[in-house]
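> Can you keep this structure in mind? I'll have questions shortly.
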Amino acid sequence: MPAKIRKLIVQVDETLVEMDQPVTPPVRKALAIAVIDNPCAGRYVEQLDELVAIGEEMGALLGDKCVQALGIAPGQAHSYGKAAIVGEAGELEHAAAILHPKLGAPLRRAVEKGAALVPSAKKRGGMGCAIDVPLGHKDAAYVRSHFDAMEARVSDAPRANEIVVAVVVTDGGRPLPRIGGLQVGEIQGQDGLR
């Protein structure tokens, strides 16, 4: 059964200057959020297959929206991350069901490849609750220049029976990275680490 979506939000954060230094090219992060109905709200459900299927749908929808917002080819994506906030009538396991079993594969297709684990965060909260969507390079977890996050917040969500699902995709790492580690040009992209 497809997700019942109340609201979709897409935004792009573009950093042009950091500490009076130009950022060339600018670093852009796209955030796509879906506010969805939680079909398991208010009751215990042993099998969370419906939420797992919704997670797969969200991975494709939100991943594609991020890539489109950046105006890039899928292979030009650098980092990704995912997060969910469950309303008070839900449980943390509902967010886990959306984020973990199947959201990753369609998100990886949206960004072309994605050998690394998709960083994630989840919590329970009320309307206006914020969550930091953690970011890491899509093909190599050891690329320190891409350890980052982007805040996701919806002023009127999640309501008690809703879940806020967020995906972030970037076209670069942090502005002016300089703490060493594996560089983008050194990525092998085989084990998800290097």
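> Assess whether E151 counts as being charged (D, E, K, R) and in contact (Cβ under 8 Å) with a residue 24 or more places away in the chain.
No: the conditions fail for E151.
> I'd like the residue in the range 79-106 that is out of contact with any Lys or Arg (no Cβ under 7 Å at 6 or more places or on another chain) and of a type in the set (A, V, I, L, M, F, W, C) and, out of all such residues, is nearest to G172 (Cα to Cα).
Residue satisfying both the conditions and the ranking: A105.
> Something else about it: Looking at the range 130-138, is at least one residue under 23 Å from P22 (Cα atoms), among the aliphatic types (A, V, I, L, M) and buried (at least 18 other Cβ atoms within 10 Å of the Cβ)?
Yes, there is a match, as at least one residue in the range 130-138 is under 23 Å from P22 (Cα atoms), among the aliphatic types (A, V, I, L, M) and buried (at least 18 other Cβ atoms within 10 Å of the Cβ).
> Can you tell me how many residues within the range 142-153 are outside any helix (DSSP H, G or I), within 11 Å of S79 (Cβ to Cβ) and not β-branched (V, I, T)? Spell out how you get there, then give the answer.
From the range 142-153, those outside any helix (DSSP H, G or I) are 142-143, 147-153; that's our starting set.
Right, trim to within 11 Å of S79 (Cβ to Cβ) and you get 143, 147-150.
Then drop every residue that is not not β-branched (V, I, T), which leaves 147-150.
Qualifying residue count, the range 142-153: 4.
> A follow-up question, please. Cβ-Cβ under 6 Å, sequence separation 6+ or interchain: first residue in the range 32-48 and acidic (D, E) and modelled with pLDDT of 95 or more, partner surrounded by fewer than 20 Cβ atoms within 10 Å (Cβ to Cβ) and not in a strand (DSSP E or B). Which pairs?
Note: pairs meeting the criteria are D37/K4.
> Could you give me the residue pairs with C-beta distances under 9 Å whose first residue belongs to the range 112-133 and is closer than 12 Å to K82 by Cβ and free of Cβ contacts under 8 Å to residues at least 60 places away in the same chain, whose second residue is among the aromatic types (F, W, Y) and in a loop (DSSP other than H, G, I, E, B) wherever it lies, and which are 6+ apart or on separate chains?
P119/F147
This table checks each residue for (1) at pLDDT below 95; (2) out of contact with any Asp or Glu (no Cβ under 8 Å at 6 or more places or on another chain).
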{"position": "A110", "(1), (2)": "no, no"}
{"position": "G114", "(1), (2)": "yes, no"}
{"position": "P119", "(1), (2)": "no, yes"}
{"position": "K122", "(1), (2)": "no, yes"}
{"position": "K138", "(1), (2)": "no, yes"}
{"position": "A149", "(1), (2)": "no, no"}
{"position": "R153", "(1), (2)": "no, yes"}
{"position": "V164", "(1), (2)": "no, yes"}
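> OK, next. Look through V10, V17, V35 and report the one residue that is over 17 Å from A95 (Cβ atoms) and either of a type in the set (D, E) or within 17 Å of the chain's Cα centre (by Cα) (or both).
Of the residues listed, the single one that is over 17 Å from A95 (Cβ atoms) and either of a type in the set (D, E) or within 17 Å of the chain's Cα centre (by Cα) (or both) is V10.
The values are calculated or read from the model by the stated rules, or taken from the named source; none is laboratory data. Only a predicted model underlies this, so the values are computations on that prediction, with no experimental measurement involved. Don't worry about glycine lacking a Cβ; one is built from the backbone with ideal geometry, like all the others, and counts go over all protein chains shown.
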